Amino acid sequence: MPQDLRRWVMAQCGQAVQITDVSWPRATSRVWRVWRGDTSTAGYVKIAPTARHFQREIRTYRSALAGLRPGGAPLLLADEPRLHALMISAVSGTLVHHLPPAGAHARVIHRAAGRLLRRLHDAALHVPQARRQADAVAHRAVTRSAVHLERAGQLLTREQRELVHRSRQIVGDLADRLPVAWRHGDFRPRNWLWQASSESLGVIDFERSEIGIAVADLAALAAGPWAARPGLREVFLDGYGRPLTGEEARALPAFTTLAALDDLQWAEACGTAHEAAQAHDALARLADAHRRAAPTARHPHARRRPT
């Protein structure tokens, strides 16, 4: 832990504080578990990757989590803008990312995840100009995907590059007609904590959280667990409390494509081979699904079979 951050932590917790690095194995993750030697109560300190990440997380903690059940998300205990640092309470439970993906618990967890996400999404109902903010976020996603395509395009097949272009067009065309939400921004099992005794779910990591398009928050699930077990989508939406609109159903594969491209260029830049492979797999599945869904073009000189 950097010395200036350690001094801040000790000012909050006292000199007897114990500190353990629990960061994910990537350069942008800087998280420490902290607890006092005279108590079993622990919390976490993190440094946000950028000022924008810090501001989004602080705003979400202060403005968007009141609708979640107690224990459904960490509490913000302290922050230090100069260091982009936050101190938050712990959320009890087991990371769902570490549970067997095919277990019987998966359906129960996904239903609980749908309920939790709906409560977070509904925080946007009380935000002035939420529609304008969401449209701006969607526009940035389309613009950013062009940059990502330029950086990582050589890693894609021609079919996948064409799918990205089509997805950019779909998002741009539909964004202002899609429901708005206070999005989590990285809603996937690695950020969920499952409390089996109470069958309740908590969520962490709000550095990408902001007002945006609701269905975009489902992209990571569509690319991951729902691809392996399609029935989990129905269970999740049951918990969420409503089905997707027709326009959301059309937009979801487009948002999923752009999110997979985002994941790919990030993984390649950070050198995380496992996450790069997952992004490649997602793009391959999406391209295959689009190919199978597209109507087969009839050759202009083909003769019709007699009936």
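Got at least one residue in the stretch 54-77 being in contact with a His (Cβ under 6 Å, 6 or more places away or on another chain) and modelled with pLDDT of 95 or more? Lay out the reasoning, then the answer.
Step one: filter the stretch 54-77 for residues in contact with a His (Cβ under 6 Å, 6 or more places away or on another chain), giving 54.
Within this subset, residues satisfying the condition of being modelled with pLDDT of 95 or more are 54.
Within the stretch 54-77 (the criterion being in contact with a His (Cβ under 6 Å, 6 or more places away or on another chain) and modelled with pLDDT of 95 or more), the answer is yes, since at least one residue qualifies.
Out of curiosity, is T20 β-branched (V, I, T), closer than 27 Å to E268 by Cβ and without any contact (Cβ under 8 Å) to a residue 40 or more places away in the chain?
No; evaluated as a whole, the condition is false for this residue.
Is it the case, given these coordinates, that H121 is in contact with a strand residue (DSSP E or B) (Cβ under 7 Å, 6 or more places away or on another chain), at pLDDT 95 or above and under 30 Å from A228 (Cα atoms)?
Spelling it out, H121 is indeed in contact with a strand residue (DSSP E or B) (Cβ under 7 Å, 6 or more places away or on another chain), at pLDDT 95 or above and under 30 Å from A228 (Cα atoms).
Please name all residue pairs, on different chains or six or more residues apart, with Cβ atoms under 7 Å, provided the first residue is in the stretch 184-205 and is more than 16 Å from L75 (Cβ to Cβ) and the second residue is assigned to a strand (DSSP E or B) and aromatic (F, W, Y).
L201/W192; L201/W194
Residue pairs, Cβ under 8 Å, 6 or more apart or interchain, first in the stretch 244-263 and more than 14 Å from V142 (Cα to Cα), second surrounded by fewer than 24 Cβ atoms within 10 Å (Cβ to Cβ) and of a type in the set (D, E, K, R). List them.
E247/R177; D263/E275
Taking the condition farther than 17 Å from A216 by Cβ and either in contact (Cβ under 8 Å) with a residue 12 or more places away in the chain or not assigned by TED's automatic domain parsing to the domain that holds P179 (or both), does A73 pass?
Considered against the rule, which asks whether it is farther than 17 Å from A216 by Cβ and either in contact (Cβ under 8 Å) with a residue 12 or more places away in the chain or not assigned by TED's automatic domain parsing to the domain that holds P179 (or both), A73 comes out as yes.
Count, please, the residues in the stretch 66-80 that happen to be out of contact with any helix residue (DSSP H, G or I) (no Cβ under 7 Å at 6 or more places or on another chain) and at negative phi.
Total meeting the criteria: 7.
If you go through the stretch 43-70, how many residues are of a type in the set (G, A, S), without any contact (Cβ under 8 Å) to a residue 60 or more places away in the chain and within 17 Å of V203 (Cα to Cα)?
3
Output the residue which, of all residues in the stretch 13-27 that are closer than 16 Å to I47 by Cβ and among the polar types (S, T, N, Q), is surrounded by the most Cβ atoms within 10 Å (Cβ to Cβ).
That would be S23.
Only residues that are farther than 16 Å from A216 by Cα, of a type in the set (S, T, N, Q) and surrounded by 20 or more Cβ atoms within 10 Å (Cβ to Cβ): list them for the stretch 102-159, please.
Correct list: empty.
When you check V203 against the structure, is it closer than 19 Å to R115 by Cβ, modelled with pLDDT of 95 or more and touching a strand residue (DSSP E or B) at 6+ places or on another chain (Cβ under 8 Å), yes or no?
Yes: the conditions hold for V203.
Which ones in the stretch 149-186 are within 30 Å of R62 (Cα to Cα) and touching an Asp or Glu at 6+ places or on another chain (Cβ under 8 Å)? Let's see the steps before the verdict.
Step one: list which residues in the stretch 149-186 are within 30 Å of R62 (Cα to Cα), which gives 171, 175-186.
The answer is A175, D176, R177, L178, P179, A181, W182, R183, H184, G185, D186.
Kindly indicate whether L83 is outside the structural domain of Y240 (by TED's automatic domain parsing), touching a residue at least 24 places away in the same chain (Cβ under 8 Å), farther than 21 Å from G185 by Cα and surrounded by 14 or more Cβ atoms within 10 Å (Cβ to Cβ).
So L83 passes the test.
Quick one: which residue in A102, A113 is in contact (Cβ under 8 Å) with a residue 60 or more places away in the chain, part of a loop (DSSP other than H, G, I, E, B) and either in the same structural domain as S198 (by TED's automatic domain parsing) or among the charged types (D, E, K, R) (or both)?
That would be A102, the only listed residue that is in contact (Cβ under 8 Å) with a residue 60 or more places away in the chain, part of a loop (DSSP other than H, G, I, E, B) and either in the same structural domain as S198 (by TED's automatic domain parsing) or among the charged types (D, E, K, R) (or both).
Only one of L237, L178 is touching a residue at least 60 places away in the same chain (Cβ under 8 Å) and either crowded, with 22+ Cβ neighbours inside 10 Å or closer than 30 Å to A51 by Cβ (or both). Can you tell me which?
Going through L237, L178 in turn, the sole match is L178.
The values are calculated or read from the model by the stated rules, or taken from the named source; none is laboratory data. Everything quoted here is computed from the prediction, not taken from an experiment. Here the Cβ is made from the backbone with ideal geometry for all residues, glycine too, and neighbour counts use every protein chain on show.
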